[in-house]
Amino acid sequence: MQPAAAASAAPPFSCQECGAGCDGAVRCGGCGALAFCCDAHRRRHCAPRGRHAPEDCARMASQLARGAALLAPPFAWCKKAPQQLCRMLAALGCHDAPAWSAACPLHGPAARPDAAPWLPAPGAPPAASARGDWERAWHVPADGGGAPAWRHRWGAAQPGAAAVASWAAHYAAAGLSPASPAALLLHAPLTLWHVLARVLPAHGRPLPPVNSQLEVFYLGARGELSFLPCFLETALLLPPGTRLSVHMIGPDVPPALDGRAVTWAELPGGRLTRGLTVALWHGSFHSVQAAWARRRAAGGEGARAIPAGAPHLVFAPNAGLPAFESWRPTLQLLAAGGRARGDDEGGGGGAGAPPFVATDYCEEAAHQSQLLLQALLPPSGAPPGAAPLAAAVNPFRCPVPAGGHGTPLPACGNALLFGWV
């Protein structure tokens, strides 16, 4: 892939009336947060009895006014245009490495998710070299040389929820230069850690005891498949003795990788009492749950990677809940305890709904998602025995703005957290 290759740029916005791409020159005169391809479509959409109600207009005007400050980029390099960021990665010599190519703001959205570089061959033991895969993901030269100011050193992350509360704090703790683009690879792993170590404990869901297994269902995985070893950062920040298992589930997981898993146990300092296992599952969560029930019944090799019990967390990054009809049966299944019909062993059966935390790109997307949860699970938007999690800004959101999400509202990946606990 040629860095910063010339290409016909897609229109930055979508007409809210017809869906056609547009440049944002024609907007709602009240909030400025909706773009249109022509004035006729603006008038139709924003008419007194149109689809843009006055209360929606007022809410989105407030979101647009505060959005730039609310989602301010944490570092100076984050303010570069996608083409400039692409050239920066090329100048650092890492652009074409699988993980960095997927993280490139210009080329990453079109990249095919690929977990194969990190997975053992079919039939081989699922163990892998944690340090070796980490250094491949970070594109560290074989001789260990290069630019230590921007490459994340193996073992630099240390356990501790109290000290790491922002990008600046994490960069300082890991010895990273503020000019390092490391946050492009770390925003998903650190968002997951933030939810496990800070959000859930703050709502009465502490981490399991030391030397426990910590199961996470990670729904909608896509780009993360290209930088799986970066989730070692999540494991390294958890308390010593924690064994983290992340089940990445989604239709973008290649079918050929369904049920494949990799385990990294060789952590810094010989701390072999903890580690990270990532298992991949193709399909939506409710269909995967049904497949797990069938595999358990059949037994044998096909059941090896299936989780044995209820997850500590169900996490759905950049979920877009109202945009995809497949979320409805998944949310209903999770609210019922996360157990497929006929599955009496796994997925939280009888234990109540597991905590569910999702993220989305902007305030309005989070608001619409919460309305969907309230419609499916009235009146609060949470299952019995759980409490709704109000939308909150994620301190480890993607550091660069997101393009192509349709509206002029400020947005970035994993921007806001919400759900139930």
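Bear in mind these aren't lab numbers, they're just calculated from the coordinates by the rules spelled out. The shown structure was predicted, so the numbers you read here are calculated from the model rather than taken from an experiment. Methodologically, a virtual Cβ is constructed for each residue, glycine included, from the backbone with ideal geometry; neighbour enumeration extends over all protein chains shown.
What the table below lists for this structure:
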| read-out | value |
| --- | --- |
| Two-decimal log10 I(q)/I(0) for the range 359-416, as the Debye equation yields it once each C-alpha is a single scatterer, q = 0.23, 0.25, 0.27, 0.31 Å⁻¹ | -0.87, -0.95, -1.03, -1.20 |
| Within the chain, longest stretch free of exposed trypsin sites (Lys or Arg not before Pro) [DSSP loop, at most 12 other beta carbons within 10 Å] | 52-303 |
| Radius of gyration, Dmax [the range 13-70; alpha carbons; angstrom] | 11.1, 33 |
| Surface/4 estimate of mean projected area, convex hull on alpha-carbon atoms of the range 50-119, nm² | 7.9 |
| Antiparallel content of DSSP bridges confined to the chain, in %, to 5 | 45 |
| Where N is the number of residues in the range 1-105, Cα Rg divided by 2.2 N^0.38 Å | 1.41 |
| Rounded to the nearest 20 debye, dipole of the chain from Cβ charges on Lys, Arg, Asp, Glu | 340 |
| Normalised contact order of the chain, rounded percent, pairs of Cα under 8 Å and 6 or more residues apart | 16 |
| The range 155-267: radius of gyration over Cα atoms, expressed as a fraction of 2.2 N^0.38 Å | 1.09 |
| Local electrostatic count at GLY50 - Lys and Arg +1, Asp and Glu -1, tallied over other residues with Cβ under 10 Å | +4 |
| The range 177-232, Rg to Rh (Cα coordinates; Rh as Kirkwood inverse mean 1/r) | 1.02 |
| Directionally averaged projected area (convex hull, Cα atoms, the chain), nm² | 20.8 |
| Contour excess over end-to-end distance, with Cα ends at ARG51 and ASP23 and 0.36 nm allotted per residue | 8.0 nm |
